[in-house]
């Protein structure tokens, strides 16, 4: 896990590279777009991990498993809110303890909209201390994969409209900047908050990424290689998880 000092150093290094690549004036428009995020990597050797791909929900016996069109959803990931709060500080606006459970329709039966994603997902917060197994077991359980977390600044790419506007449409400058930053801030396989990591992932209008998950062993998505959960800025600020949408990247 990164220390706060290392994260600050990364931000300073990012600012230096951005100014060198874009020039001082353009950099001043671009740098406010850098977002905090948490990057995750599967570490099967971790004895204990607050965040997991899959697994049995940390919940009480009264927990009601989410369903979609009459069928139980699949728990895709569960993230430790306290861990996110420690890594992101005041930038973390969701609950500061307990867990976020990310469920989705594993059959991908929801009607998809390129503008709005789809509604085949639920994000549920459970309180700290919720570690029992629910009575209603629901559907398929993905084998638990422990995640190692680190604070990781996230930078927009040429595919993001805000970045394009900041550089006055100079796509080549954004591509060169991405190359210059790639060694400093590598793209994680899974990310909480930040910017969308793939230009091939549909980005619901008016929403930002809440969680991006790459396919891992135990998932069965066919040609789908990424499942992303999206939230509106105003909902993120208010801690409202009721309007989260989903989108998928196809290989």
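Read-outs: derived from the displayed coordinates by stated rules, not from any lab. Remember, it's a predicted structure, so these values are computed and weren't measured experimentally. Counting neighbours? That spans all protein chains shown, and the Cβs are built from the backbone with ideal geometry, glycine included.
Most mobile of 209, 57, 32 per a Gaussian network model of the chain (Cα springs, under 10 Å)? Ranking 209, 57, 32 by mean-square fluctuation puts 32 first. Counted residue by residue at 0.36 nm each, then reduced by the alpha carbon distance between them, the extension gain from residue 11 to residue 46 reaches 9.8 nm. Legend: translational diffusion of the range 16-98 by Stokes-Einstein, Rh = Kirkwood radius over C-alpha pairs, 4 °C, 1.567 mPa s; D = 79 µm²/s. Shape analysis of the range 52-150 places it in the oblate category; the axes a ≥ b ≥ c from the Cα gyration tensor give an a/c of at least 1.5, with a/b not above b/c. The alpha carbon centroids of the range 32-96 and the range 151-173 are separated by 28 Å.
The label-point distance for residue 114 and residue 25, in a model that sets each label 7 Å from Cα toward Cβ, rounds to 3.5 nm.
Taking each DSSP H run with n ≥ 4 as -39500 (n - 2.57) and averaging over every residue of the chain yields -6500 deg cm²/dmol at 222 nm.
The fraction of Cα-Cα pairs per 10 angstrom bin, counted from 0 for the range 202-251, comes to 27, 45, 23, 5 percent, rounded to whole percents. Taking every alpha-carbon pair within the chain, the share separated by more than 28 Å comes to 33 percent.
Each 5 Å bin, from zero up to the one with the longest distance, holds this percent of the alpha carbon pairs of the range 98-230: 2, 8, 15, 20, 19, 15, 10, 6, 3, 1, 1, 0. The packing ranking of peptides 161-171, 118-128, highest mean first, is 118-128, 161-171, where packing means the average number of other beta carbon atoms within 10 angstrom of each residue.
Helix 171-181 axis versus longest C-alpha principal axis of the chain: approximately 70°, rounded to the nearest ten. Compared with the dominant principal axis of the Cα atoms in the chain, helix 4-22 is inclined by about 50°.
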